[in-house]
Structures are given as C-alpha cells and as structure tokens.
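What follows is one structure encoded as structure tokens, with my remarks underneath.
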Amino acid sequence: MGMNRFPVEEYATLELNQVAFPKTGMVVSQTPLGAKFTTDSSVSGAYGVCENGMWVVADKAAGVIDAPAAVTDKPIGIVYTAEKEYDMYHYGLKTFGRKVAGDYPRVGILGVGDTVTTNCLQYNTDNFANDTALDTYLKGDLTAAATAAYVIVKAGSPVPEIVKALPQNYAGAYGRVVKYYTVPNGEKGVKYQMLRV
C-alpha cells in the first residue's frame, strides 16, 4: 500500500467549473498557511508547497490553514489562488505552486454541487496499481455505480484521494468523478462534483 500523486508536470492546476463560494462570500483569504506547508525536509510530515486544488481546513480561531487532520474536519475548502507570473522563466498554470508556511492563499469553502476540474489528486496503489491502471479506469464508464470514481478527504494530507468506491462508514466530504478530462494547461485532469461537504 502506497500513495502516488496524480501525474503532473510540476504543480497541480485547478479550473472552477461551477462553484458558489465566490458569490456567497465563503472565501478565506486572510488566514496564513500552517508550518507543514514547506519544502524543508527536516519538518516532520511536511506537505510541500500549497497548490491549487488542495483541500484544506481554514481554522480561523487558531489562525492557520492546514490539511484536514481527520476525514470529518470541517469546513473543507479548496485552494484557488490566482496564478501569476513570477518572472520570465516561471510562467503558466503548471508552474504555480510556491505558497509556503506564512503565505496567504485564497480558499473557497466547498458546497454541495460545486464542480471543479483539477489534477491535484493522489491515489492508493491498492486501488490503482500505477498511473496506467488509473488512466485505464478513468477512461471507462464512470456513470454506473459499480464503475464510478470518487474524490475523498485523505486525513493528514491536503491532497484529496481518488478511489473506486467510498470506504465503509466514510463520513467525510466527497465528490463523484464526472469526467476524465484536461485541466487548463492541457494536462490530464478529473472533473468532479461535490456530493457531501
């Protein structure tokens, strides 16, 4: 059993297809990232940089944005910070993921029905042996319950997990994969709709 990231060239990309949080004001942008958002290997359990498409919990009382510690942590938000060009050598959607501890990302609190396309995902090798197996499965019939795919909270990680079936007694937020698609920069991605938050 191991976790693999969905194949990306550098950093994950996100497209907001149909979401309510910009209109309802359910956006967190004045809370900094926690200490585990770092590339410093000496930090135990470091997540790396904060990328668009990550699922996080904005704990305003503690004054920090962090990964969900448990699948039932709420409210779950999705990072959707606007991309920008840092210099002439780092441009485009796939090179945007440099937010680290202390930075302030923009986080939209997810609602039922919200639909996004992203490649910010990970999978367990017990579900999909490798990238090829994942690719083959996602190219299949995702409309039938027996062959559907879901995106769930991975406790202790800001990167949501893609699974073939919901775990037994799963009580956290999840979305159902609508389509195997491409993200705005042309890389492979998954469009999913939130069914529980």
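Laboratory data are not the source of any read-out in this text; all were calculated from the coordinates shown. All figures in this text were calculated on a predicted structure; none of them were measured in a lab. Neighbour counts are summed over all protein chains in view; Cβ atoms, including those assigned to glycine, are modelled from backbone coordinates with ideal geometry.
Return a whole-number percent for the relative contact order of segment 91-197, with Cα pairs under 8 Å and 6 or more residues apart as the contact set.
Across segment 91-197, relative contact order equals 33 percent.
List the residues whose amide H sits under 5 Å from the amide H of Lys99, counting only those 5 or more places along or on another chain, with H placed 1.01 Å from N in the peptide plane.
Excluding prolines and chain starts, which carry no amide H, the hits are Cys50.
Whole Å is fine, so just give me how far the alpha carbon centre of segment 1-27 lies from that of segment 168-186.
Between the Cα centre of segment 1-27 and that of segment 168-186, the gap is 9 Å.
Normalised by the residues of segment 3-196, what does the relative contact order come to in percent, with Cα pairs under 8 Å and at least six apart?
That works out to 28 percent.
Averaged over every viewing direction, what's the projected area of the C-alpha convex hull for the chain? Give it in nm², one decimal, please.
11.3
Ordered by packing density, taken as the mean number of other Cβ atoms within 10 Å over each peptide's residues, highest first, how do 140-149, 118-127, 54-63 rank? Please report the intermediate quantities before stating the final value.
Working: 140-149: 12.0, 118-127: 19.8, 54-63: 17.7.
My ranking of the peptides, most packed first, is 118-127, 54-63, 140-149.
Rounded to the nearest 500, what is the 222 nm mean residue ellipticity of the chain from helices alone, with -39500 (n - 2.57) per DSSP H run of 4+ residues and division by all residues?
Working: 2 runs with 12 residues, N = 197.
Here the helix-only value at 222 nm equals -1500 deg cm²/dmol.
If we count GluC sites (Glu not before Pro) as exposed when they sit in a DSSP loop and have at most 15 other beta carbons within 10 Å, what is the longest stretch of the chain that avoids them all? The partial results should precede the final answer.
On the way: sites that count: Glu9, Glu10, Glu85.
For GluC sites (Glu not before Pro) (loop position, at most 15 other Cβ atoms within 10 Å), the longest site-free span of the chain is 86-197.
Give me a comma-separated list of calculated 3J(HN,Hα) values for segment 172-181, in order, Karplus coefficients 6.51, -1.76, 1.60 applied at θ = phi - 60°, integers in Hz, x for any Gly or Pro.
3J(HN,Hα) across segment 172-181, in whole Hz: x, 5, 7, x, 9, 5, 8, 7, 8, 9.
In what order do Ser157, Ser41, Ser29 fall by count of nearby beta-carbon atoms within 10 Å, going from fewest to most?
Ser41, Ser29, Ser157
Which whole-Hz couplings ³J(HN,Hα) result when phi for each residue of segment 56-69 is put into the Karplus expression 6.51 cos²θ - 1.76 cosθ + 1.60, θ = phi - 60°, listed in order with x for Gly and Pro?
Using θ = phi - 60°, the values come out as 9, 10, 8, 8, 5, 5, 7, x, 8, 9, 9, 6, x, 6 Hz.
Which residues' amide hydrogens lie under 5 Å from the amide hydrogen of Val64, considering only partners 5 or more residues apart or on another chain, with H built in the peptide plane?
Answer set, sorted by chain and number: Asp59.
Tell me, what HN-Hα J-couplings in whole Hz come from the Karplus equation 6.51 cos²θ - 1.76 cosθ + 1.60 at θ = phi - 60° for each residue of segment 128-143, using x for Gly and Pro?
Coupling constants for segment 128-143: 9, 4, 7, 4, 5, 5, 4, 4, 4, 5, 5, 7, x, 7, 8, 7 Hz.
Could you sort out which of Lys36/Lys60; Lys60/Lys191; Lys139/Lys191 sit more than 19 Å apart by Cα distance in this structure?
Those over the limit are Lys60/Lys191.
For Val19, which sequence-distant residues (separation of 5 or more, or a different chain) have an amide H within less than 5 Å of its own amide H, given hydrogens modelled in the peptide plane?
Amide H neighbours of Val19, under 5 Å, 5+ apart: Thr115.
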